[in-house]
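The values are calculated or read from the model by the stated rules, or taken from the named source; none is laboratory data. Since we're looking at a predicted model, the values are computed, not measured. Counting neighbours? That spans all protein chains shown, and the Cβs are built from the backbone with ideal geometry, glycine included. Side chains included, ligands, DNA and RNA excluded: accessible areas come from the protein's heavy atoms. Shrake-Rupley method; radii C 1.70, N 1.55, O 1.52, S 1.80 Å.
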Amino acid sequence: MVTEEEIEKVAKLMKIEVDDHKEYVDKVHAMIDYFDILDSAGVEDEEIFMQEIPITALREDKHIPFDEKLIEKLNHYKGTYVRAPKMS
Amino acid sequence: MNLKISALSYVQEVQNGNISAEDFTAATLEHIHNIDEKLHAFLSVNDNAINQARDIDKKIKSGKKVGACFGMPISIKDNMCIKDSKTTCASKMLENFVAPYDATVISKLKEQDAIFIGKANMDEFAMGLTTEFSAYGPSKNPWNVDYTPGGSSGGSAVSVSAFECVASLGSDTGGSVRNPASFCSTVGYKPTYGLISRYGLISYANSIEQIGPVTRTVKDTAFLLNMITGLDPNDNTTVDNKNEDYLLGIDSGVEGKKIGIIKEMMAEGTDPAVVSATNDAISKLEGLGAICEEVSLDMVKYSVAAYYTITATEAGSNLARYDNLRYGYDFSLEGYEFNSYIQKARKNFGPEVTRRMIIGGFVPSAGHAGKYFLKALKVKSKLTKEINDAFKKYDLLIAPTVPILPFKLGEKIDDPVALFLVDINTVTANLTGKPAISVPFAVSNGLPIGIQLLADSNNDKILLQAANALEQTVKLPEVPI
């Protein structure tokens with residue numbers, strides 16, 4: 001069983017402010033509780049299927065220039081850098 | 001002007017000179033103007049559509065080569081990028097985002113002279129199944145405006161059902177094309193994973209989502225697939241379909257085909273009207289020479305929990321980019337520390353997106369991944385094995401698209417688990433990468449019911465043939481608008 005404190009901690013780590021407890025913590029709690037059904041699936045010994053893509057199947061590792069100055073579409077930039085607020 | 005015609009009929013009418021692209025587009029825009037205030041299928045309408053249609057008419061008259069769409073008005077779910085057009089994902093976060101490039105599906109349709117009549121409403125970032133989570137208000141079901149049209153591609157299905165366009169593109173992560181298609185009595189298609197490029201589709205859950213057509217007929221879906229499928233160097237997950245012609249042989253029928261009826265998708269809780277319609281569809285297919293028998297996919301019971309665990313995890317990662325620096329709602333940088341700035345920006349996500357981001361941070365986190373995320377991946381693996389085994393015996397599988405009838409707007413919005421369970425019959429195709437289609441089949445007390453058919457990966461053509469055969473067995477009432 002998940003605790004409300006755990007949910008609040010994850011929200012904070014994801015930079016989400018939880019100001020409406022009923023809307024966020026309570027509903028997330030109900031959703032995660034539903035996932036407990038996975039415990040009865042009996043899949044402990046199941047292998048996880050991973051699709052392997054050989055490196056030869058990937059496109060060439062080559063810079064493809066975009067036809068516009070994309071950075072100019074941003075609201076906050078300086079030269080070729082994105083501007084961000086100061087980190088504490 | 002008859003706006004109720006299919007895509008193939010539209011092309012024929014324009015080719016024969018019976019209608020012009022301009023007249024059809026003008027009539028479509030007028031219809032949207034008259035009806036969309038009530039239905040809210042669109043988030044934006046293309047103001048330049050008439051000029052584009054006029055240009056296509058000029059090409060036709062001058063004998064120049066014209067693309068296969070001949071100016072056909074198509075709506076596009078607002079999570080696909082059209083260069084120099086707003087793409088909001090029905091979110092306040094992207095309220096002012098203008099796409100700098102075309103999605104691959106858009107480039108392909110432009111080459112075929114399609115007209116993008118407008119951007120269709122949806123649940124915010126495609127998270128939802130009623131369109132009630134659109135930041136701009138829900139779409140309404142044209143069969144009864146008090147009811148949800150389904151989602152997340154609700155605007156796409158409404159626009160096709162209510163004749164506000166000839167066809168639409170939606171995206172399907174857990175049923176988001178098939179669910180609204182079922183609720184609005186249109187055809188909705190989720191292709192084999194990789195058949196259609198996702199380049200330019202705003203990402204939600206990359207490993208399972210696909211773009212898919214919403215159309216009035218199965219043949220129209222095949223027609224659209226002929227134009228939008230195939231390898232794309234910009235999407236490494238695309239598969240080479242060797243330029244398959246999905247219309248060729250579409251009337252082949254189902255004689256001799258073996259069809260498995262998925263037991264777990266007709267379980268307790270399925271609406272009796274939906275059970276009755278499904279049984280009727282099975283009888284009709286048997287009447288056409290198919291052999292139908294029950295098959296069990298045990299993991300279906302756990303599929304919704306696995307689906308939401310996996311999609312929330314991928315969404316948590318995908319949505320991390322909305323920090324108001326590269327994308328997002330604009331406000332000044334001054335006076336903020338980095339974390340508080342991003343926290344403020346993220347308040348522009350709606351409640352469902354916020355909840356799924358929190359879940360997406362929680363279920364794969366250290367200490368919880370074994371209980372949730374890894375177990376969900378194991379369910380996905382076992383479900384894939386089960387369905388692969390089923391396809392060794394059967395050509396197709398059948399089930400209701402949605403186990404319940406369309407429900408009233410607001411009825412389930414405060415109960416997230418009740419909403420989860422509406423997806424129970426559709427997520428299997430996404431988790432396993434199989435193609436699936438919803439075919440309009442019945443109307444019960446004025447509300448549509450769709451039947452879902454599934455096929456093995458890359459057997460999209462066989463699936464369309466069966467869907468076309470099923471579609472021919474019924475004549476449904478017209479949408480009461």
Distance in nm between label sites at B:Val275 and A:Glu23, each 7 Å beyond Cα in the beta-carbon direction?
-> 4.0
Mean separation of Cα contacts under 8 Å, 6 or more apart, over the residue count of the range B:258-318: relative contact order % | 51
Using the heavy atoms of the protein chains and a 1.4 angstrom probe, tell me the accessible area per residue for the range B:243-355 in square angstrom.
-> 42
Given that compact globular proteins tend to follow 2.2 N^0.38 Å, what is the ratio of the alpha-carbon Rg of the range B:433-480 to that value?
-> 1.28
Looking at B:Leu231, B:Thr217, B:Cys184, which one has the Cα that reaches farthest to the positive end of the dipole of the range B:176-258 (charges on Cβ: Lys, Arg +1; Asp, Glu -1)?
-> B:Cys184
How well do other chains shield peptide A:5-14, expressed as the mean number of their Cβ atoms within 10 Å of each residue Cβ?
-> 5
Kindly rank B:213-223, B:403-413 from highest to lowest mean number of other beta carbons found within 10 Å of each residue.
-> B:213-223, B:403-413
Give me the net charge of B:Val11's neighbourhood, meaning all other residues with Cβ under 12 Å from the Cβ of B:Val11; Lys, Arg count +1, Asp, Glu -1.
-> -2
Would you work out the charge dipole size for the protein assembly as shown about its Cα centre, treating the Cβ of every Lys and Arg as +1 and the Cβ of every Asp and Glu as -1, and quote it to the nearest 20 debye?
-> 1160
Using the heavy atoms of the protein chains and a 1.4 angstrom probe, tell me the accessible area per residue for the range B:1-128 in square angstrom.
-> 41
Let a ≥ b ≥ c be the square roots of the eigenvalues of the Cα gyration tensor of chain A; is it rounded (a/c under 1.5), or, if not, prolate (a/b larger than b/c) or oblate?
-> oblate
How many percent of the accessible area of chain A is carbon or sulfur, using a 1.4 Å probe?
-> 53
Report the one residue of B:Val145, B:Leu383, B:Leu109 whose Cα lies farthest in the direction of the positive end of the charge dipole of the protein assembly as shown (charges on C-beta: Lys and Arg +1, Asp and Glu -1; origin at the Cα centre).
-> B:Leu109
Short version: what are the Cα gyration tensor semi-axes of the range B:308-382, square root of 5 times each eigenvalue, largest first, in whole Å?
-> 30, 12, 9
So how do A:His21, A:His63 rank on accessible area, 1.4 Å probe, biggest first, that is with the largest at the start?
-> A:His63, A:His21
The range B:211-345 - convex hull of the alpha-carbon atoms, volume per residue in Å³ = 221
Here the Cα Rg-to-2.2 N^0.38 Å ratio for the protein assembly as shown is 0.94
When averaged across all projection directions, what area in nm² does the alpha-carbon convex hull of chain B cover?
-> 22.1
Using per-residue counts of other Cβ atoms within 10 Å, averaged over each peptide, order B:115-124, B:263-272, B:203-212 from highest down.
-> B:115-124, B:203-212, B:263-272
How big is the charge dipole of the range B:97-177 about its Cα centre, in debye rounded to the nearest 20, if each Lys and Arg gets +1 on its Cβ and each Asp and Glu gets -1 on its Cβ?
-> 100
Size of the dipole of chain B about the Cα centre, Lys and Arg at +1 and Asp and Glu at -1 on the beta carbon, nothing else charged, in debye to 20?
-> 740
Using a 10 Å cut-off on Cβ to Cβ distances, tally the other chain neighbours for every residue of B:379-391 and report the average as a whole number.
-> 2
If B:Lys242, B:Lys77, A:Lys73, B:Lys461 are ordered by their accessible area, calculated over protein heavy atoms with a 1.4 Å probe, which sequence runs from highest to lowest?
-> B:Lys242, A:Lys73, B:Lys461, B:Lys77
Under a no-solvent Debye model with one identical scatterer per Cα of the range B:138-228, what's log10 I(q)/I(0) at q = 0.23 Å⁻¹?
-> -1.07
Suppose R0 equals 25 Å; then what is the FRET efficiency for B:Lys58 and B:Ala27 from their Cβ-Cβ distance, rounded to the nearest 0.05?
-> 0.85
Interface size A-B, as summed buried accessible area [1.4 Å probe, Å², nearest 100] | 5200
Enter the per residue convex hull volume of the range B:58-133, computed from alpha-carbon coordinates, in Å³ rounded to the nearest integer.
-> 96
With a Förster distance of 25 angstrom and the Cβ-Cβ distance between B:Lys385 and B:Leu231, calculated FRET efficiency to the nearest 0.05 equals 0.35
Using alpha carbon centers only, the range B:154-217 is separated from the range B:273-298 by a whole-angstrom value of 24
Unit charges at the beta carbon, dipole of chain A: most positive-side option, A:Ile7, A:Met31, A:Val18 = A:Val18
Mind giving me the FRET efficiency for B:Lys344 and A:Tyr81? R0 is 25 Å, r the Cβ-Cβ distance, nearest 0.05 is fine.
-> 0.70
Take the solvent-accessible surface of the protein heavy atoms, probe 1.4 Å, and return the percent of it on chain B that carbon and sulfur atoms account for.
-> 47
